[in-house]
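Notes follow once the structure below has been shown.
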Amino acid sequence: MAVISNATTIADAGAFSVNLGSMVLIKTLTLSNAANASFVDGASSVVLDNTYSTYIFKFINMHPVTDTANFLVNFRDGGSAFDATKTSTAFRSLHDEADTETSFAYQPASDLAQGTGYQLIAQYVGNGNDESCSGTLHLFDPSNTTFVKHYISKANSYYANNKSNCQFTGGYCNVTAAIDGVDFKFASGNIDSGVIKMYGISK
Amino acid sequence: MALSKCMGYQNKMGLISNGTTLLDAGALDSGVPTGSMTLLSTATANNSSTITFNSGINSTYKEYIVKWINVHPNTNDQQLTVNFRDGSTAYDATKTSSAFRVGHAEDGSATEIGYQTGQDLAQGTGAQSIHYTANQNEASSSGMLHLFDPSSTTFIKHYIIVNSSDRNGQCEQQYIAGYCNVTAAIDGIQLATNENTIQTGTFKLYGIK
């Protein structure tokens, strides 16, 4: 027997049939002196498959142990390594607290051209007590085995030497294999603290 | 039979379907996937000088989103702004930010992309400019603000703004990002205009679980 109200099925077969919201929190990692932060399908309650068409990662107040550390991401495309081939673009908007420097420019050192290394998503994050970076990464249709896998990231960082830096990154994993893992880390040193949340967007 | 159990005693009742608990103890079971974006408040401008969200911004959520939809000014080329409250009653948190704009004329005669020195802040306590909007009948602006971890008393508070505007025959998108350079918690967000009032517009505050 299903729960039906006014001719609408509310619940059936062990699940609600009505929409309870399309942005579903899958996993929260609260980090403390961690080398990296991994989200792998099937591990630690992480779902990263065809259940959702889009996945969103929110990284909040990522604080590095090492000063001027770049915050990075990479993707797993079938093996155990996070080394999917990627091509991407990157630009930034920067302004310092002293009002002596502005920058709005493409960042050739932050893009990738069929690279398998980590993708920079926040630049030169300071490690002062109140310094950090926060932002969002969208990963589209990672389980698709026909198309490349697009990702878009936007993050603001307390750039070392007292600057606000917004980094815009977009690209694709140039593979048709499914992406089943996402890994975050700083380019040097551990993640001193931070919270990363993974969401799925219902189809 | 899908509904295997409906266990009740007086006004206490659980709902178990196909062996899965869906409802119990006055709430959805924690295993039921629910939406993570919660609408906290809606404000509608009606010749309003300010739109203020000053409750519900706390440690409940690690991210808050403000969306403004079809904000229509009284004065042509009127500026929409935002500011943050960091403990007192005033909306004057110290901020450093960057800003750039992308524009395209409706007649295709011009395009632009560039940094906007007039709309960034360097340790400013005044309002953060979002954009300028025309006041022709059909003109408006819509956009959103992400504010991260406002209740933290350790870190600065990052914010990222994206806005689209109809500005006197030109489509413009404004991208602004920065931080409130304070460790005090941010507990209020106020949107305003640089002159006159906001004739109409809808503003929504969401918490992201």
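The values are calculated or read from the model by the stated rules, or taken from the named source; none is laboratory data. Quantities reported herein were computed from a predicted structural model and do not represent experimental measurements. Backbone-built Cβ (ideal geometry, glycine too); neighbour counts: all protein chains shown.
Structure values in brief
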{"quantity": "Filter result (among the acidic types (Asp, Glu) and touching a Ser or Thr at 6+ places or on another chain (Cβ under 6 Å)) within the stretch B:11-69", "calculated": "B:Asp29"}
{"quantity": "Lone qualifier among A:Ser164, A:Ser132, A:Ser153 - being small (Gly, Ala, Ser), touching a Pro at 6+ places or on another chain (Cβ under 9 Å) and within 13 Å of chain B (Cβ to nearest Cβ)", "calculated": "A:Ser132"}
{"quantity": "Pairs, first within 13 Å of A:Gly200 (Cβ to Cβ) and part of a strand (DSSP E or B) in the stretch A:14-29, second at pLDDT below 80 and not charged (D, E, K, R), C-beta under 8 Å, six or more apart", "calculated": "A:Val24/B:Pro33; A:Val24/B:Thr34"}
{"quantity": "Number of the condition not met by B:Ala184 [criteria: (1) more than 10 Å from chain A (Cβ to nearest Cβ); (2) surrounded by fewer than 24 Cβ atoms within 10 Å (Cβ to Cβ); (3) within 15 Å of the chain's Cα centre (by Cα)]", "calculated": "(3)"}
{"quantity": "Of all residues making up the stretch B:86-133, the number that are in contact with a Cys (Cβ under 7 Å, 6 or more places away or on another chain), of a type in the set (Ser, Thr, Tyr) and either under 27 Å from B:Thr197 (Cβ atoms) or surrounded by fewer than 21 Cβ atoms within 10 Å (Cβ to Cβ) (or both)", "calculated": "1"}
{"quantity": "Count of residues meeting criterion [free of Cβ contacts under 8 Å to residues at least 24 places away in the same chain and either within 17 Å of the chain's Cα centre (by Cα) or loosely packed, with under 14 Cβ neighbours inside 10 Å (or both)] in the stretch B:24-54", "calculated": "5"}
{"quantity": "Some residue of the stretch B:107-127 being touching a Ser or Thr at 6+ places or on another chain (Cβ under 6 Å) and under 19 Å from B:Val66 (Cα atoms)", "calculated": "yes"}
{"quantity": "Subset of the stretch A:29-44 [among the hydrophobic types (A, V, I, L, M, F, W, C) and within 14 Å of A:Ser193 (Cβ to Cβ)]", "calculated": "A:Leu29, A:Leu31, A:Ala34, A:Ala35, A:Ala37"}
{"quantity": "Residue that is farthest from the other protein chains (Cβ to nearest Cβ), among those in the stretch B:104-129 that are in a strand (DSSP E or B), touching a Gly at 6+ places or on another chain (Cβ under 7 Å) and not polar (S, T, N, Q)", "calculated": "B:Ala105"}
{"quantity": "The stretch A:128-181: number of residues that are among the hydrophobic types (A, V, I, L, M, F, W, C) and without any contact (Cβ under 8 Å) to a residue 40 or more places away in the chain", "calculated": "3"}
{"quantity": "Qualifying residue in the stretch B:145-153 (condition: within 14 Å of chain A (Cβ to nearest Cβ) and at positive phi)", "calculated": "yes"}
{"quantity": "In the stretch B:139-176, the residues that are over 17 Å from B:Leu191 (Cβ atoms) and part of a strand (DSSP E or B)", "calculated": "B:Phe148, B:His158, B:Asp166, B:Gln170, B:Cys171, B:Glu172, B:Gln173, B:Tyr175"}
{"quantity": "Hits in the stretch A:47-65 (condition: surrounded by fewer than 17 Cβ atoms within 10 Å (Cβ to Cβ) and in contact with a strand residue (DSSP E or B) (Cβ under 7 Å, 6 or more places away or on another chain))", "calculated": "A:Thr51, A:Ser53, A:Val65"}
{"quantity": "Flag if A:Ser44 is more than 16 Å from the chain's Cα centre (by Cα), surrounded by fewer than 15 Cβ atoms within 10 Å (Cβ to Cβ) and within 20 Å of A:Thr145 (Cα to Cα)", "calculated": "no"}
{"quantity": "Subset of the stretch A:88-111 (residues that are part of a strand (DSSP E or B), more than 13 Å from chain B (Cβ to nearest Cβ) and surrounded by fewer than 20 Cβ atoms within 10 Å (Cβ to Cβ))", "calculated": "A:Thr89"}
{"quantity": "Filtered residue count, the stretch B:29-66, keeping only those that are at pLDDT below 95 and not in a strand (DSSP E or B)", "calculated": "7"}
{"quantity": "Residue satisfying condition, being farther than 30 Å from B:Ser152 by Cα and of a type in the set (A, V, I, L, M), within set A:Val148, A:Val125", "calculated": "A:Val148"}
{"quantity": "Candidate set from the stretch B:154-176 (those that are closer than 20 Å to B:Glu106 by Cα and more than 18 Å from the chain's Cα centre (by Cα)); member that is nearest to the other protein chains (Cβ to nearest Cβ)", "calculated": "B:Glu172"}
{"quantity": "Any chance A:Leu120 is aliphatic (A, V, I, L, M), away from chain B (no Cβ under 14 Å) and surrounded by 22 or more Cβ atoms within 10 Å (Cβ to Cβ)", "calculated": "yes"}
{"quantity": "Residue ID - nearest to the other protein chains (Cβ to nearest Cβ), chosen from residues in the stretch A:167-203 that are in a strand (DSSP E or B) and among the basic types (Lys, Arg)", "calculated": "A:Lys197"}
{"quantity": "Check on B:Gln136, assigned to a loop (DSSP other than H, G, I, E, B) and either surrounded by fewer than 23 Cβ atoms within 10 Å (Cβ to Cβ) or of a type in the set (Ser, Thr, Tyr) (or both)", "calculated": "yes"}
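Here is a yes/no grid of residues against (1) closer than 22 Å to B:Lys62 by Cα; (2) out of contact with any Asp or Glu (no Cβ under 8 Å at 6 or more places or on another chain):
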site: A:Asn6; (1), (2): no, yes
site: A:Thr9; (1), (2): no, yes
site: A:Val18; (1), (2): no, yes
site: A:Ala34; (1), (2): yes, yes
site: A:Ala37; (1), (2): yes, no
site: A:Ser45; (1), (2): yes, yes
site: A:Asn50; (1), (2): no, yes
